[in-house]
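Notes follow once the structure below has been shown.
Rule-based calculations on the coordinates, nothing more; no lab input. Only a predicted model underlies this, so the values are computations on that prediction, with no experimental measurement involved. So basically every Cβ, Gly included, is an ideal-geometry build from the backbone, and we count neighbours across all protein chains shown.
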Amino acid sequence: MRLANPTLSIVAMLGVGSLVASIGAIHAQESTGLDRDQTRPPAGSVAEARRDYDTLRKAYRPDAAPGVEPDMADRHDRLLSLIFASDRLRQAEATAAGDHASFVAAFKGHLARAIEIEAILKAWIREKPPKAAPGPQPDSRRGFPGEVSEEGLLTIATHEREDAEILLDAAKQSREKAHALQRILPLRRRYVEWREALRQGRTLSDDDLADGIGREDIIHLCAVSEKLRGAEAREARTSSEFIAAFEGHLVRAREIEALVKVSGAARNRKENASKPRQDGVGPSPPGVVEQESALTEASRDREEAEQLLKAARQSEEKAYTLLRIQAARRRYRPMKRLHDEGRITHDRLLDAQARVIEAERMATDDEAQRLAALGRLLDLAEELESRELAEMTVGRGTDADVAEASILRIEAEIRLRSAGAARETKNSGTLERRLAEVERKLDLLLKQRKDR
């Protein structure tokens, strides 16, 4: 993602010495694609941060920068620069605060600046609407292409003001609460904005099929929901807060599934209106296949969220054990697809399956289930070996491919055999201990009878 003229307007407002501190966040986002909160520079000294903010604020005008032809990208960049500068000042003041009152004052100042910035944009839109037509521009939070308009700029400022209000309430409670929310709020905001982008028909991925929601869109949105759940769970201080993180994740998963269903229904209505439906004739259109794939992904995520919530209500340990299994399975599924397409080797597929099996083995103390998990790995290795033999028979494979599959099958077989031997040794040891205990009790009983 490239920002249009990310430095030109700011150079006109600041000297060269202050340039790096003013736009470091934008350059970091430009080069890495990270979201806005992750790219904010460190606080630095209070005096330096205040000087930078005051310089930007005095020169800031929503309509244009001195000597620069106004456009939406330029307005977007200058607004972000001002927001970044305010947040750097808040961080500097909060870091330097020696008592709770000073710490809270840093957040009050940030809120006051956010309110002022929002008011400037409201007045600009009300009194002098810009003439520039909106177009595809970088979005401040999503990190994906979107539409930046006058209202879009105001939305950015409004979101910043709302976050500042929430942070102030948290800061009044404790430093820890404020720091925790600084990690959670950007994820909450990102989820809402990505969800709304999909509702408005904008794609979150490069795989844009024009109509409906695609599978990659759902993967993006579900990943944000999962990151938010993780952040909330890590910051939880009580069992109820921990469970609430998983409840929120389930609510979002159901919301995503419903969003895909609505999008699919809209696509069907559009297709039915454009041409008569011919059931059973020819393959399904690519868009329909993509929509079905997206719904499968969303439904699976909702089912996993339900399982996670059930585990979280039992214990944290059960929840994280299930998380490990789900993550391993989530990795295995695309690996299986890529292997079937001939794009990855056997060992990578077996490694992905081994991760699933290891996670499942760690989740149970039942030796029979642990052995059964290793048996599934051997089954897969044998299936791959048989496939390579068949491929070589028809001239599509080589003896080297067969040899590779055979090695992987032998390794899986040895692992299963070793685990079975260890189980037998363990069972044998247990039997010997029980027998020794019986003999000890028998000797004691005989001794008691002899003493009589």
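Phi angles across segment 96-110 convert, under the Karplus curve 6.51 cos²θ - 1.76 cosθ + 1.60 with θ = phi - 60°, into 3J(HN,Hα) values of 7, 5, x, 9, 5, 4, 5, 4, 5, 4, 4, 6, 5, x, 5 Hz, Gly and Pro given as x. As a proxy for reagent exposure, Asp163, Asp366 were ordered by neighbouring Cβ count within 10 angstrom, fewest first; the result is Asp366, Asp163. Residues whose amide H lies under 5 Å from that of Ile344, counting only those 5 or more places away or on a different chain, are His339; hydrogens are built 1.01 Å from N in the peptide plane.
Derived scalar couplings between HN and Hα for segment 320-335 equal 6, 5, 5, 4, 5, 5, 5, 5, 5, 5, 5, 6, 5, 4, x, 4 Hz in order, rounded to whole Hz, by the Karplus curve 6.51 cos²θ - 1.76 cosθ + 1.60 (θ = phi - 60°), x for Gly and Pro.
Sequence-ordered 3J(HN,Hα) estimates for segment 310-319 from the Karplus curve with 6.51, -1.76 and 1.60 and θ = phi - 60° stand at 4, 5, 5, 6, 7, 5, 5, 4, 5, 5 Hz, glycine and proline given as x.
As a footprinting exposure proxy, order Thr398, Thr158 by other Cβ within 10 Å, with the fewest listed first.
The fewest-first ordering by Cβ neighbours comes to Thr398, Thr158.
Taking a quarter of the surface of the Cα convex hull of segment 300-358 gives a mean projected area of 4.1 nm².
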